[in-house]
Amino acid sequence: MSGIGEGPLRLVIFGRQGAGKGTQCARLVEEFGVAHISTGDMLRAAVAAETDMGLKAKAVMSSGGLVGDDIMNGIVRDRLDETDANTGGFVLDGFPRTIPQAEALSIILGKRELHAAVNIDVPLEEVTARMKARGREDDTEEGIARRLELYEQETQPVLEWFSARNRLITVDGFSTEDIVWDRLVSAIKAAA
Ligand code: ADP
């Protein structure tokens, strides 16, 4: 299945760290044949490849901070202009995380309208417990706390930004992977 309704599927996906966003994104890519654009994955690849950008991002990422808007906007603009994302649609994961990024995104997309911004909603206490259990390299206790705090401070306003533009769909993510998946697909189909 490729796309939904008219044209390819273009989604932004939100969720607190540990909300199961990565897993659901993988399923979306499989089901709808769209590109998965994860800014976290792109940054981690740049860190591993020790590019200039990667070297700069590394310290910010391990402290749980946010990489600068100008860098992020540039990365995402270039990626969205690649053929697969441009013609086949995408799931954008990890961006926008700030209001300036949300504003940049609407300029980058131009006529390529988003179908929706979907928030996979899982309570703070639950995601904190899940993240402590998964033990990724940047999942230090301090890093987890800082990332969750930044999410509330910087990214909640971005959810409100999409909500004010009638683009936000909230999916209850406090359930099994399959149940959340069913909710997600129904929500996307209802929005298309
Ligand atoms: P998480 O695992 O915290 O959900 P990601 O995998 O999306 O986070 O990103 C990992 C790190 O990369 C973030 O903590 C942040 O430092 C950086 N990062 C990713 N996307 C962005 C963005 N849009 N703006 C700023 N920093 C970002």
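Scanning region 89-107 for residues that are more than 15 Å from the ligand (Cβ to nearest atom) and either at pLDDT below 95 or in contact with a Lys or Arg (Cβ under 8 Å, 6 or more places away or on another chain) (or both) gives a single hit, GLY89. Taken together, ALA59, ALA19 contain a single residue that is buried (at least 21 other Cβ atoms within 10 Å of the Cβ), modelled with pLDDT under 95, more than 8 Å from the ligand (Cβ to nearest atom) and not β-branched (Val, Ile, Thr), which is ALA19.
Of the helices (runs of 4 or more DSSP H) contained entirely in region 123-183, those carrying at least 1 residues that are more than 18 Å from the chain's Cα centre (by Cα) and at pLDDT 90 or above fall at 124-134, 156-164. The residue list ALA145, ALA133 contains one member that is farther than 11 Å from GLN17 by Cα and hydrophobic (A, V, I, L, M, F, W, C), which is ALA133. Number of residues in region 22-39 that are within 13 Å of the ligand (Cβ to nearest atom), among the β-branched types (Val, Ile, Thr) and surrounded by 17 or more Cβ atoms within 10 Å (Cβ to Cβ) equals 2. The numbered conditions (1) under 21 Å from ASN86 (Cα atoms); (2) more than 12 Å from the chain's Cα centre (by Cα) are all true for SER38 except (2).
Regarding VAL118, is this residue out of contact with any Lys or Arg (no Cβ under 9 Å at 6 or more places or on another chain), hydrophobic (A, V, I, L, M, F, W, C), more than 11 Å from the ligand (Cβ to nearest atom) and assigned to a strand (DSSP E or B)? It is true that VAL118 is out of contact with any Lys or Arg (no Cβ under 9 Å at 6 or more places or on another chain), hydrophobic (A, V, I, L, M, F, W, C), more than 11 Å from the ligand (Cβ to nearest atom) and assigned to a strand (DSSP E or B). Just one of the listed residues (ARG167, ARG183, ARG130) is touching a residue at least 12 places away in the same chain (Cβ under 8 Å), closer than 23 Å to GLY64 by Cβ and of a type in the set (Lys, Arg), namely ARG130. Summed over region 14-34, residues that are part of a helix (DSSP H, G or I) and of a type in the set (Val, Ile, Thr) total 2. Restricting ILE75, ILE99 to those that are of a type in the set (A, V, I, L, M), without any contact (Cβ under 8 Å) to a residue 40 or more places away in the chain and farther than 17 Å from GLY20 by Cβ reduces the list to ILE75.
Looking at MET42, is it farther than 30 Å from ASP182 by Cα and either assigned to a strand (DSSP E or B) or within 12 Å of the ligand (Cβ to nearest atom) (or both)? So MET42 does not fit the description; no. Of the numbered criteria (1) touching a residue at least 40 places away in the same chain (Cβ under 8 Å); (2) more than 8 Å from the ligand (Cβ to nearest atom); (3) not hydrophobic (A, V, I, L, M, F, W, C), the one ASP81 fails is (1).
Every condition in (1) surrounded by fewer than 19 Cβ atoms within 10 Å (Cβ to Cβ); (2) touching a helix residue (DSSP H, G or I) at 6+ places or on another chain (Cβ under 7 Å); (3) polar (S, T, N, Q) is met by THR87 except one, and the failing one is (2).
The values are calculated or read from the model by the stated rules, or taken from the named source; none is laboratory data. The structure displayed is predicted, hence computed values, not measured ones. A quick note on method: Cβ atoms are made from the backbone with ideal geometry, for glycine too, and the neighbour counts reach across all protein chains shown.
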